[in-house]
Amino acid sequence: MAKGRRPVRYNIAQACEELQAADPVLGRLIERVGPFTLTLASQHSPFEALVESIVYQQIHGKAAAAILNRLKLHYGDVHPQPEQLIATPDDILRAAGLSANKQKALRDLAAKTLDGIIPTLAQIRRMKDEEIIRRLIEVRGIGQWTAEMLLIFRLGRPDVMPVSDYGIRKGFALTFLRLPKGKKVEASDLPKPEVILKRSKRWKPWSSVAAWYLWRACDLASGKPPAGRA
């Protein structure tokens, strides 16, 4: 396992067995992909994880990593804390590569963390998924999708289905919609979120595992070996 990563806490063998029994089509995808290898990112606080999410929004991963490293360098090569971020002048954030919108989002995140809207790591572990999403989307620049990614890849919650995610919609089309062999998936082929939501009722309480396999369906279609998604 890569340094700084940890396994999920739920029973993977049980999850895959129950998914295969509940949905034979998904079961065939599970057999094609092989073992579930998702590991979780380091246990940053929700504030720190969301700082990273905002930095990474809508730009290439390498560029975002460079911006995050420059930002952390200003605070001694660690994530800033809410008080520090609020006190940081705009020109420092701009020099790190943060756009005006991302600066506003980060400051709003810091303020809502200090106000107690964004929970601590100890608090969030005891909260239900729906309550976490409700709180997180109060922050400027944080939507449903970002909250769902935190639930799956940071907190390791087992029953999250991000139906608006492009990869999920593409993986669903490849797996369930019987597209002509070799056909490139077009926007018109992508299912509406409600179609995925209806099918995903079969996948409870392991929707996150099903989601991981739908992402891997995209890897298979592109010729890439199935790999974990950080």
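Checked against the criterion of being in contact (Cβ under 8 Å) with a residue 40 or more places away in the chain, touching a helix residue (DSSP H, G or I) at 6+ places or on another chain (Cβ under 9 Å) and more than 20 Å from residue 57 (Cα to Cα), the candidates 171, 167 yield just one match: 171.
Residues satisfying the criterion are absent from segment 190-211 (criterion: of a type in the set (Gly, Ala, Ser) and part of a loop (DSSP other than H, G, I, E, B)). The set of residues in segment 78-115 being farther than 18 Å from residue 141 by Cα and either aliphatic (A, V, I, L, M) or within 24 Å of the chain's Cα centre (by Cα) (or both) consists of 78, 79, 80, 81, 87, 92, 95, 96. Considering (1) touching a residue at least 40 places away in the same chain (Cβ under 8 Å); (2) on the phi > 0 side of the Ramachandran plot, the lone condition that residue 182 does not fulfil carries the number (1). Could you check segment 27-47 and list, in sequence order, the residues that are free of Cβ contacts under 8 Å to residues at least 40 places away in the same chain and either assigned to a loop (DSSP other than H, G, I, E, B) or assigned by TED's automatic domain parsing to the domain that holds residue 121 (or both)? Hits for segment 27-47 are 35, 42. Whether a residue is without any contact (Cβ under 8 Å) to a residue 12 or more places away in the chain and touching a His at 6+ places or on another chain (Cβ under 8 Å) was assessed, and residue 72 passes this test. Candidates in segment 119-148 are the residues that are among the aliphatic types (A, V, I, L, M) and surrounded by fewer than 16 Cβ atoms within 10 Å (Cβ to Cβ); of these, the one that is farthest from residue 45 (Cα to Cα) is 137. If you go through segment 82-107 and keep only what is outside any helix (DSSP H, G or I) and surrounded by 13 or more Cβ atoms within 10 Å (Cβ to Cβ), you end up with 88, 97, 98, 99. Residue pairs whose Cβ atoms lie under 6 Å apart, separated by 6 or more positions or on different chains, with the first residue in segment 1-26 and aliphatic (A, V, I, L, M) and the second surrounded by 12 or more Cβ atoms within 10 Å (Cβ to Cβ) and part of a loop (DSSP other than H, G, I, E, B), are 8/156; 12/36; 15/206; 19/206.
In segment 186-225, of all residues being closer than 13 Å to residue 174 by Cβ and hydrophobic (A, V, I, L, M, F, W, C), the one that is surrounded by the most Cβ atoms within 10 Å (Cβ to Cβ) corresponds to 214. Scanning segment 1-46 for residues that are closer than 30 Å to residue 131 by Cβ and among the β-branched types (Val, Ile, Thr) yields 8, 12, 37, 39.
The values are calculated or read from the model by the stated rules, or taken from the named source; none is laboratory data. Not measured: the values here are computed from a predicted model. For neighbour counting, all protein chains shown are included, and Cβ atoms are generated from backbone atoms with ideal geometry for every residue, glycine included.
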